[in-house]
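In what follows, a single structure is set out as structure tokens and then discussed.
The values are calculated or read from the model by the stated rules, or taken from the named source; none is laboratory data. Treat the numbers as computed from the prediction; the structure is a model and nothing was measured. Using ideal geometry, Cβ is built from the backbone for each residue, glycine included, and neighbour counts are taken over all protein chains shown.
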Amino acid sequence: MDSSTRRFVYVLIGWQERPASAERPAVWRFSLEDTRANQRLGFGNLCDLVVFLEAEMKTAELRSERDKNSTPPSAHVSTQRTQSK
């Protein structure tokens with residue numbers, strides 16, 4: 001993996017909640033734990049989870065483009081050798 005590669009590391013937990021009545025279907029809930037920030041995020045449904053992940057990827061793409069465009073050219077250091085006479 002090169003230095004320009006962005007990656008996310010999450011622990012994903014999904015569980016099904018059964019409603020109190022038989023007329024309503026079960027609901028899936030999700031949580032993501034960001035392993036670097038030690039932060040947990042909760043999502044009430046799969047759609048919300050996907051929206052969050054898409055936004056994370058878009059933000060990473062924008063950040064990558066910004067970093068690429070704002071990186072100053074590397075300084076070149078030249079060394080000169082002197083010869084003994």
Legend entry - Selection count, the stretch 1-14, where residues are surrounded by fewer than 10 Cβ atoms within 10 Å (Cβ to Cβ) and modelled with pLDDT of 90 or more: 1
Legend entry - Residues of the stretch 44-64 satisfying the condition of being farther than 18 Å from residue 15 by Cβ, free of Cβ contacts under 8 Å to residues at least 24 places away in the same chain and of a type in the set (S, T, N, Q): 59
Inset, instruction - Tell me which residues, restricted to the stretch 15-44, are surrounded by 12 or more Cβ atoms within 10 Å (Cβ to Cβ) and not hydrophobic (A, V, I, L, M, F, W, C). - result: 29, 31, 33, 34, 40, 44
